[in-house]
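J.: Following this message is one structure expressed as structure tokens.
Only the coordinates and a few stated rules stand behind these numbers; no lab work does. As the structure is a prediction and not an experimental result, all values here were calculated from the model. Positions of Cβ are generated from backbone atoms using ideal geometry, with glycine treated the same way; all protein chains shown enter the neighbour counts.
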Amino acid sequence: MVKADVLVAGGGPAGVLSALTAAKLSDQKLKVILVDAKPYSEIGNKVCGDAINMAPVTFLEEKLGIEKPHGDEIADLIEHLIFKTEKASFPIQGDGFVLNRHPYGQRLLTTAEKYGVEVRSDTRVVKALITDGVVTGAVVKNKKINETYEIRARITIDCTGRNFQIRKSFPKELFPNLEKHMEKRDVAASYREIIRLKGEDHPYRKEIYLLYHDEIPEPGYFWIFTKGEKRLNVGIGWFLDTKVDKGMKECYREVLHKYYPEGSYIVEHHGGGQVPTRYPMTNAVAPGFMTVGDAAFHVNPLSAEGHGPALTAGYYAGKAAVAAITANDVTETQLWQYNIDVMNHFGLSHTKIQLFTAALRTVKVKGLEFLLKRKILTKQQFIDLHAGKKLTALEILKISIRAFPRYGILWNIYKIAKGARIFEELFTGYPQSPEGYPAWQSRFETTMNQIRAI
Ligand SMILES: Cc1cc2nc3c(=O)[nH]c(=O)nc-3n(C[C@H](O)[C@H](O)[C@H](O)COP(=O)(O)OP(=O)(O)OC[C@H]3O[C@@H](n4cnc5c(N)ncnc54)[C@H](O)[C@@H]3O)c2cc1C
């Protein structure tokens, strides 16, 4: 048996940031162990679209002094995110990077080690250890030497991504405030390739495109992200509960060949993965326990960007772990600040974005095309609606004229705006401690179910 103050399961962005923050903010006084199933040299590598916006990396620089991606960690810069159908497009300004995730992930890992984090690679978390209703570590297995042992810790943080290995091992009846599973409807499957063009450079430098095509069930999309000169990160994804006639790779190839015909590119790398794509878990703590990143649904529900939120939430989890151990109190009440921080940072915005995702399932590609092409909403109105702000009577009149004769779409816009305002009110009253949570969660569930029904 091994003892630690903090055990972090998973060495992706969520896990590395949780571990690094706990070690750094405690002035290396806490013993932090990070375990990952992968070999050391593969930690940080992942099949991904590789896009990250500027906000989370600026946040890490300010809070922890971690330098932004640089050098060979960057494949290209991003200046615009563009939503596009075959006939219309809607660009949004947004600075960021298309990363080479592997070197960036490895830098974060070695930085964590510099602050004293002990990394145990090739080590898979099997299940949680629970003592008197408190999570006290996990059973782990080193695959290389085929050894199974316990790591006992005062705080255990589940960052095992889509596997959510620790949380799913909790007995059903324990921790009633914590969700124990993932629904198919909340997980997107995806496939992507890194391609090198044989001919001229592509026109997507400094841009990332989310493309909505008839062949792809909404709110799924095809993406084309710059990966530097003559290189692209191209992929496709849709929700697991969607019924599709074709296979994902077949569909991918068909759409790709609309842009780059067979023989015009070389596939440098290919792979797939699943992304939990939903509003964040509204409670991600239990006694002695927190969960972060994909394991806690921290991915943006429209764009499926989860790298930045995983880094950000990892910081908050590490900070909460230090506060709890310093106070010698690992109760749900003590750890609740982690929930508050995540809800304040992106909980509300991701929940509102979920409304757009739901609307996209309803209006379909043709509706989106109509909306974008006719400029039914101005960019500012789009942002205002998303923020739950009210439109003036004159604005509503102008929108109605532009929307004629597709008032069904207008009705959807109205419902999004109304839903966004309801969530805004709900999140303003997010409970400051676990006591108020069951009543709040019941109101949240009712609202979410009403939206699902629509
Ligand atoms: C195809 C694809 C494209 C994507 N594109 C983008 C994008 O462009 N931009 C963006 O921001 N996000 C994107 N995402 C999402 C992004 O990759 C994730 O949101 C992000 O990596 C989440 O970080 P994480 O640390 O929570 O999980 P992960 O990065 O998945 O890390 C989990 C870690 O846990 C380890 N692990 C798993 N199970 C165990 C276990 N039992 N024991 C020990 N270790 C374990 C794994 O080895 C891994 O290292 C994409 C995802 C996919 C699949």
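J.: By DSSP, what percent of the beta bridges with both residues in the chain are antiparallel, rounded to the nearest 5? Working shown, then result.
T.: Working: 57 of 80 bridges.
Counting DSSP beta bridges with both partners in the chain, the antiparallel share is about 70 percent.
J.: Let me ask something else about it. What spacing in nm lies between the two simple spin-label points modelled at residue 250 and residue 3, each 7 Å away from Cα in the Cβ direction?
T.: My value for the distance between the label points is 5.9 nm.
J.: Applying 1/(1 + (r/R0)^6) with R0 = 45 Å to the Cβ-Cβ distance of residue 414 and residue 77, what FRET efficiency is obtained, to the nearest 0.05? Numbers along the way, then the final one.
T.: Details: r = 38 Å, r/R0 = 0.83.
E(calc), rounded to 0.05, equals 0.75.
J.: Per the helix-only calculation at 222 nm, which mean residue ellipticity applies to the chain, given -39500 (n - 2.57) for every DSSP H run of n ≥ 4 and division by its residues, nearest 500 deg cm²/dmol? Don't jump to the answer; show the numbers that get you there.
T.: Details: 11 runs with 165 residues, N = 454.
Theoretical 222 nm ellipticity from helices: -12000 deg cm²/dmol.
J.: DSSP loop (so not H, G, I, E, B), at most 16 other Cβ within 10 Å: list which trypsin sites (Lys or Arg not before Pro) in segment 26-78 pass both filters.
T.: Numbers: sites: 29, 31, 46, 63; in loops: 29, 31, 46.
Qualifying residues, ordered by number: 29.
J.: Can you give the FRET efficiency to the nearest 0.05 for residue 28 and residue 141, using r as the Cβ-Cβ distance and R₀ = 22 Å?
T.: On the way: r = 28 Å, r/R0 = 1.27.
It comes to 0.20.
J.: Against the longest principal axis of the chain, how steep is helix 101-114, in degrees 0 to 90 to the nearest 10, with axes from Cα atoms?
T.: Once rounded, the angle reads 30 degrees.
J.: Quick check: Cα centre of segment 95-124 to Cα centre of segment 39-63, how many Å?
T.: 8
J.: Any lysines with Cα under 21 Å of the residue 127 Cα? List them, leaving off those in the same chain fewer than 8 positions away.
T.: 3, 31, 38, 141, 143, 144, 168, 172, 180
J.: Among all the lysines, which ones have a C-alpha under 20 Å from residue 84's C-alpha, if same-chain residues fewer than 8 places away are not counted?
T.: Counting by Cα, and skipping residues close in sequence, residue 84 has these lysines nearby: 206, 227, 258, 364, 366, 373, 375, 379.
J.: What distance in nm lies between label points placed 7 Å from Cα along the C-beta direction at residue 168 and residue 184?
T.: With each label point 7 Å from Cα toward Cβ, the separation is 1.5 nm.
J.: Here's another thing I want to ask about it. Can you give me the angle between helix 54-64 and the longest principal axis of the chain, using Cα atoms only, in degrees from 0 to 90, rounded to the nearest 10?
T.: With both axes taken from Cα atoms, the answer is about 20 degrees.
J.: Still on this structure: Between segment 249-301 and segment 357-373, how far is it from one alpha carbon centroid to the other, in angstrom?
T.: Centre-to-centre distance over Cα atoms comes out at 21 Å.
J.: How many Å³ per residue does the convex hull of the Cα positions in the chain occupy?
T.: Working: hull volume 66.5 nm³, N = 454.
Considering the Cα atoms of the chain, their hull volume per residue is 146 Å³.
J.: Could you list the trypsin sites (Lys or Arg not before Pro) in segment 93-149 that lie in coil according to DSSP, counting only those with at most 11 other Cβ atoms within 10 Å of their Cβ?
T.: Numbers: sites: 101, 107, 114, 120, 124, 127, 141, 143, 144; in loops: 143, 144.
Those that pass, being in a loop and sparsely packed, are 144.
J.: Then there's this: Mind checking the angle between helix 248-259 and the chain's longest principal axis? C-alpha axes, 0 to 90 degrees, to the nearest 10.
T.: Value to nearest ten degrees: 50.
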